[in-house]
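Working notes, beginning with the structure itself.
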Amino acid sequence: NAGVTQTPKFRILKIGQSMTLQCTQDMNHNYMYWYRQDPGMGLKLIYYSVGAGITDKGEVPNGYNVSRSTTEDFPLRLELAAPSQTSVYFCAGVKNTGELFFGEGSRLTVL
Amino acid sequence: QKEVEQNSGPLSVPEGAIASLNCTYSDRGSQSFFWYRQYSGKSPELIMFIYSNGDKEDGRFTAQLNKASQYVSLLIRDSQPSDSATYLCAVPRYNTDKLIFGTGTRLQVFP
């Protein structure tokens, strides 16, 4: 999935810890999205951004924060990790056609 | 009613058959509709998008849209075992930049 890079790919957190999931794109996408996907479920929108300095809440923003200081980077912050945040997180950019182009995902486990 | 609804499946079809995947949506103002395929452990990838009522064909895939009935479907002709995946329907919430996904339908194509 060249174009949208997510790190880390895997992470285990203890309850109450904080961390940042990094997302970087090199395709000059203005629009970027963070989704989470629980086992056997679809994608739930956490936050999105339509350009540098502009972010907005999605369907499930509680417990997360984002920033968009540059076009390239769209990090997702978890402040106080909870077991309910165990999930796979996908970052995506949007092409001019409206197609979402996803990163490879970050698998997070909170114990 | 969920914004985007799909039968979770699994839908099992024999190799060579037509697989029919359905999606209903609640927002009458929605204008564009996307089908993504997701292999197990991978990120979603776009198969097709459709904006206008009727059919849109791309190789073995046909997307069908009926705005009056608020459903969009995906037909896969000559199904192959390699088509076994989860198929996600996605619809932008009207007048927003939020792309909402259904829970996905798991398709199994057996030889």
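The values are calculated or read from the model by the stated rules, or taken from the named source; none is laboratory data. Please read these numbers as outputs of a predicted model, since none were measured by experiment. Methodologically, a virtual Cβ is constructed for each residue, glycine included, from the backbone with ideal geometry; neighbour enumeration extends over all protein chains shown. Ligands, DNA and RNA are stripped out before the accessible areas are found, and what is left, the full protein with its side chains, is counted by its heavy atoms. Shrake-Rupley method; radii C 1.70, N 1.55, O 1.52, S 1.80 Å.
Regarding A:Phe101, is this residue of a type outside the set (Ser, Thr, Tyr), assigned to a strand (DSSP E or B) and modelled with pLDDT of 95 or more? In short, no. Residue count for the stretch A:81-91 satisfying the condition of being open to solvent by less than 40 Å² (accessible area, probe 1.4 Å) and within 19 Å of B:Ser40 (Cβ to Cβ): 4.
Which of the residues spanning the stretch A:40-68 are in a loop (DSSP other than H, G, I, E, B), of a type outside the set (Val, Ile, Thr) and away from chain B (no Cβ under 11 Å)? Within the stretch A:40-68, A:Ala52, A:Gly53, A:Pro61, A:Asn62, A:Gly63, A:Ser67, A:Arg68 qualify.
Only a single criterion out of (1) over 15 Å from B:Glu45 (Cα atoms); (2) within 14 Å of chain A (Cβ to nearest Cβ); (3) outside any loop (DSSP other than H, G, I, E, B) is not satisfied by B:Val109, namely (2).
The strands (runs of 3 or more DSSP E) found entirely in the stretch B:1-84 that carry 2 or more residues being of a type in the set (Ser, Thr, Tyr) and either at pLDDT 95 or above or surrounded by fewer than 18 Cβ atoms within 10 Å (Cβ to Cβ) (or both) are B:19-25, B:71-76. Is it the case that some residue within the stretch B:95-103 is open to solvent by 40 Å² or more (accessible area, probe 1.4 Å) and more than 14 Å from chain A (Cβ to nearest Cβ)? No, that holds for no residue.
Residue count for the stretch A:69-84 under the criterion of being without any contact (Cβ under 8 Å) to a residue 60 or more places away in the chain and either β-branched (Val, Ile, Thr) or outside any strand (DSSP E or B) (or both): the result is 7.
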